[in-house]
Structures are given as C-alpha cells and as structure tokens.
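Undergrad: Dumping the structure here so I can ask a few things about it.
The values are calculated or read from the model by the stated rules, or taken from the named source; none is laboratory data. Quick caveat, the model's predicted, so the values are computed rather than measured. Cβ placement follows ideal geometry from the backbone for every residue including glycine, while neighbour counts extend to all protein chains displayed.
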Amino acid sequence: MGTRFRLSTLQVLVIGFALVIVIGGALLSMPFSNRDGQAIPFINGLFTATSATCVTGLIVYDTYTQFSLPGQAVILIMIQVGGLGFMFVAITFSLFLGRRISLRQRSILMESVSALKIGGIVRLTKKALLITLILELTGAIILATRFVPQFGLWPGIWCGIFHSVSAFCNAGFDILGRIAPYSSLVPFAADAAVSITIMMLIIIGGLGFFVWDDISEHKWHVAKYHLHSKIMLMGTLVLIVGGAVLFSILEADYTMRDMSTGERVLASFFASVTPRTAGFNTVPIGEMSEGGTFLSMIYMMIGAGPGSTGGGLKVTTVAVLLLGVYARIRNREDLNIYGRRLEDGVLRKASTSTGIYLMLIIAGTLILCAQGFDVTTSAFEVMSGIGTVGLSRGITPDLPVVSKIAIMLLMYAGRVGTLSVAAAMSVRRTKNQSALRNIPEKIIIG
C-alpha cells in the first residue's frame, strides 16, 4: 500500500506564495490591467507580481503610467496578501465565515507569522487584523489630506489608500508617476506629514505581529515584554537613530546639500527607516554618496523583524550573531541578554540563515555582473531584491530576462525565508539515517 503524500507546513507556505505570484502575474499581463489596453510580456507581469507579493517594490514599469486602475488594484491586493501572509488572509476569511480553524491550519499560520507557540494563534490573528485595519485607515486619511488638494478628491483618496497599505506592508510601490515617473516620494521630501506618516507605517509594519501583541497586552510595562520584543524594539531604535546620524553626515555634501536643517533631519530619518525593507525614497538613490550607498546596503541586509511585513536577515538574527561574537570574545558558552539566556541552537540557526543569505547575494551579484552591470549597482539591486526592499539605482527596467528571473527568485526567497525555502525543498531523513554520524576530526579555524 502506497504512503499518502502530504505537504509539510513549510511546503504549503512556499507553494501558496508561488501560486499567488503566478495568478497575479497572469492578471497584470492582461490588457485590462494596462493603461494602453495592450498586454505586456508575461515575464514583466510576473516580475511585478513577484515584487508586489514579496512586498519588495522593484519595478520594470512605473506603476502609475503603466497600469490602469484595475491593474493598480491587483497590485495593491497582492501587496496586502504578501504583507500579511497568504495564510493569514485565508484564515481571516475563514473566521469571517464562522468556520472552525483546524490544528493543521493553526500550525501553518504559526509558521507564517513566526509565532513562538500555537496556543492563542487565532486570537493573535484577530488582533493583528484589527491593528492592520486601524493603522492603514489612519495612514490613508492623513495621506489623503496631502494628496487630495494636489490630485483631486478621488485620485487623492486612492493615493492615500494605496500608499498607506504599501508603506505598512513595507512594499515601496507608489503611484506618484503622475508627477514624474519613477520619482517615488522625492516630490514630497519636505512634506513632514507625508514623510512621518510613511515612516511610522513602515516601522510598525516591520516590528512584527508578535511585538504588536506584546505591546497591546502589556502597554508601557516594558519589563513584562518577551525577550523577543525587547530585542526588536531596542534594535529598531538603535538602527533608526544611528542610521539617521550617519546618513546626515554621509549625504551632507551630496543628496542633502541643498536642504534646510529641518529638511535634512527629515530626509536623514527617512533614509534610515526605508532601506530596512521599504522601497520608498525621498532623495535620488542614484545620486547618493558611496558611503550612503554602502550604509543602505548594510541596512537592506539587516531588514525588519520576524513575522513582520518586512524582509532581510532580520534584526533578531543580527542580534544573535553579535551576541555570539561577544560571547566568543569573552570565552563564554551562553548567549545572555537582558538577564536571560538564549536557547541552545539559536546561534547555529542564525549562522545557517546568514550563510545561505550571503551565498544567494554572491550568486545574484555574479549573474548581474555577467550581464554587464557594475559590481556596486549589481550588489545593490541583489540586496534590495533578497531584502524585499525595492530601492534601485535605476537598472530594474533594463534587466535582461536572466537577471529578472534571478531577482524574482531572490525576492521570493527573501519574503518566504531562505531557511524556509531550503527546508521545504529538503527530503526528510528516516530515523535510522539521522542516527548515523561520521567520525569527527578537527580543522583549524581563524
């Protein structure tokens, strides 16, 4: 009797995201999704769908000038599904229909939002959905007050909704091509209401569902927060403030040289927030200094938090690596922080994730370099793709087919998770196989 084939939790997530992307790519390739009523090449529709679903923001077309209102709506739906996670959205519909959530569905949802335990996962889903709706609606209203006077009532409201969802989901898609194609938020660099609203949505979306729940549960009693939340909040604060200071210094004679003090402060904080997974920019990326470009690449690698709407290596992963280095220097076995010891094996998991991440960056950069792009521009594009950031030095529309496929795969791996993709593709070992171990032998390290 043959064994019954059953997809694992990770395989469901990996395949589910892929199906959403393919369906979205087909829809965007159709004539009704495009302003000129003409179909676009499927590879370009698929690239846009991948970027939207993986909440990246890299684009081969300017979103406003190329896509019609239905096309923009398709992109926005994919951004929302990709930001929250397709399983999150599926479970939400089941809850609205009053259906019982099975244990397997709860397990998949737990993996999707990177929760620590399966207990209370449905409650977390309901709370996260409510927070999402409140924040996106609030952001849309604030942004609409700035866009309506400039674009008119309905276009201004649509712009407010689109950019609020895009910012909260850390997607970086914009429809401001009506001002200038591929301009992102550069025309609103001096608009504090727009910049601060977008930044706050990006930051909150990048903290993660678990941190939201912790904050809503314990309010201002920080001592009661879980260790994960403490690391995420402190790490985010250090990255934002530290990055703002560095960007203000590095870009003083470049992209920010003609700005007033207030505009420079605003632009510096925006430049510090957005590279960690959102593709918006208020200064021209191609005109940034070498130092500013390199710092942006570092931030793109770090990314946001686990179980959030963002990508990257994740703040907690980098924190574990730094704690591992510190412990090794101090000749200690345990990784300790905030009076707690991290569980055994967490450093190995963080190192594995980082190793896979770096290998994919190297491979992607080599592919783009082989297609004629310089190493800095190639590495920037690759890190933006795998970090689901969306910032570009302007080469995305000119990428050859092979490079587009490479960037699509990187965006997909970056959103689903490099470890998740690797685990989903691996073959389970039997109990006897896992018990067999080779004879150990030492090598020299360092």
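Undergrad: From the list Ser289, Ser308, Ser272, which one is over 27 Å from Val416 (Cβ atoms) and among the hydroxyl-bearing types (Ser, Thr, Tyr)?
TA: None of the other options fit; the residue is Ser289.
Undergrad: Next question, about the same structure. Looking at (1) in a helix (DSSP H, G or I); (2) more than 22 Å from Cys169 (Cβ to Cβ); (3) not basic (Lys, Arg), which is the only condition Phe270 fails?
TA: For Phe270, the exception is condition (2).
Undergrad: Hey, among Leu143, Leu137, which residue is of a type outside the set (Val, Ile, Thr), under 23 Å from Thr309 (Cβ atoms), surrounded by fewer than 18 Cβ atoms within 10 Å (Cβ to Cβ) and touching a residue at least 12 places away in the same chain (Cβ under 8 Å)?
TA: From the options Leu143, Leu137, the qualifying one is Leu137.
Undergrad: While we're on this one: Quick one: what pairs do we get from the range 328-347, first residue over 15 Å from Ile231 (Cα atoms), second part of a strand (DSSP E or B), C-beta under 8 Å, 6+ apart or different chains?
TA: Every condition considered, the pairs that remain are Asp334/Arg341.
Undergrad: Name the one entry in Ile75, Ile40, Ile91 that is in a loop (DSSP other than H, G, I, E, B) and either of a type outside the set (Lys, Arg) or modelled with pLDDT of 95 or more (or both).
TA: Going through Ile75, Ile40, Ile91 in turn, the sole match is Ile40.
Undergrad: Among the residues of the range 40-57, write down those that are surrounded by 15 or more Cβ atoms within 10 Å (Cβ to Cβ) and over 19 Å from Met411 (Cα atoms).
TA: Result: Ile40, single match.
Undergrad: Taking the stated definitions as given, is Ile118 surrounded by fewer than 22 Cβ atoms within 10 Å (Cβ to Cβ), at pLDDT below 95, touching a Ser or Thr at 6+ places or on another chain (Cβ under 9 Å) and under 18 Å from Leu207 (Cβ atoms)?
TA: The answer is no for Ile118.
Undergrad: Name the residue that is farthest from Gly417 (Cα to Cα), counting only residues in the range 319-370 that are modelled with pLDDT under 95 and among the polar types (S, T, N, Q).
TA: Ranking the candidates gives Asn331 first.
Undergrad: List pairs: first residue in the range 379-395 and over 12 Å from Thr274 (Cα atoms), second residue of a type in the set (Lys, Arg) anywhere in the structure, Cβ distance under 8 angstrom, at least six positions apart or on different chains.
TA: Once the first residue is over 12 Å from Thr274 (Cα atoms) and sits in the range 379-395, its partners that are of a type in the set (Lys, Arg) give Phe380/Arg393; Glu381/Arg393.
Undergrad: Which one is surrounded by the most Cβ atoms within 10 Å (Cβ to Cβ) among residues in the range 407-424 that are over 13 Å from the mean Cα position of the chain (by Cα) and modelled with pLDDT of 90 or more?
TA: Ile407
Undergrad: Looking at Val60, is it at pLDDT 95 or above, under 30 Å from Leu399 (Cβ atoms) and either polar (S, T, N, Q) or crowded, with 18+ Cβ neighbours inside 10 Å (or both)?
TA: Values: at pLDDT 95 or above: yes; under 30 Å from Leu399 (Cβ atoms): yes; either polar (S, T, N, Q) or crowded, with 18+ Cβ neighbours inside 10 Å (or both): yes.
For Val60, the condition - at pLDDT 95 or above, under 30 Å from Leu399 (Cβ atoms) and either polar (S, T, N, Q) or crowded, with 18+ Cβ neighbours inside 10 Å (or both) - is met.
Undergrad: Against the definition (modelled with pLDDT under 95, of a type in the set (Lys, Arg) and out of contact with any helix residue (DSSP H, G or I) (no Cβ under 7 Å at 6 or more places or on another chain)), how does Lys224 come out, yes or no? Can you show your working first?
TA: Numbers: modelled with pLDDT under 95: yes; of a type in the set (Lys, Arg): yes; out of contact with any helix residue (DSSP H, G or I) (no Cβ under 7 Å at 6 or more places or on another chain): no.
In short, no.
Undergrad: On the basis of being closer than 29 Å to Leu207 by Cα and either modelled with pLDDT under 70 or surrounded by fewer than 16 Cβ atoms within 10 Å (Cβ to Cβ) (or both), does Arg35 make the cut?
TA: Considered against the rule, which asks whether it is closer than 29 Å to Leu207 by Cα and either modelled with pLDDT under 70 or surrounded by fewer than 16 Cβ atoms within 10 Å (Cβ to Cβ) (or both), Arg35 comes out as no.
Undergrad: Separate question: Which of the residues that make up the range 212-231 are of a type outside the set (Gly, Ala, Ser) and either farther than 18 Å from Ile121 by Cα or under 16 Å from the mean Cα position of the chain (by Cα) (or both)?
TA: Scanning the range 212-231 gives Lys219, Trp220, His221, Val222, Lys224, Leu227, Lys230, Ile231.
Undergrad: Hey, another quick one. Do we find that Ser51 is of a type in the set (S, T, N, Q), at pLDDT below 65 and not in a loop (DSSP other than H, G, I, E, B) in this structure?
TA: So Ser51 does not fit the description; no.
Undergrad: Looking only at the range 35-53, which residues are over 20 Å from Val402 (Cα atoms) and among the small types (Gly, Ala, Ser)?
TA: Gly37, Ala39
Undergrad: Which pairs do you get when a residue that is closer than 17 Å to Gly242 by Cβ, found in the range 298-316, comes within reach of a residue that is acidic (Asp, Glu) and modelled with pLDDT under 95, reach meaning Cβ atoms under 9 angstrom, with the pair 6+ apart or on two chains?
TA: From residues that are closer than 17 Å to Gly242 by Cβ, there are no pairs.
Undergrad: Within the range 15-32, restricting attention to residues that are surrounded by 16 or more Cβ atoms within 10 Å (Cβ to Cβ) and touching a residue at least 60 places away in the same chain (Cβ under 8 Å), which residue is farthest from Val74 (Cα to Cα)?
TA: Gly16
Undergrad: Among the residues of the range 250-259, is any in a helix (DSSP H, G or I) and touching a residue at least 40 places away in the same chain (Cβ under 8 Å)?
TA: Let us first name the residues in the range 250-259 that are in a helix (DSSP H, G or I), namely 250.
From what is left, the residues that are touching a residue at least 40 places away in the same chain (Cβ under 8 Å) are 250.
The answer is yes, given that some residue of the range 250-259 is in a helix (DSSP H, G or I) and touching a residue at least 40 places away in the same chain (Cβ under 8 Å).
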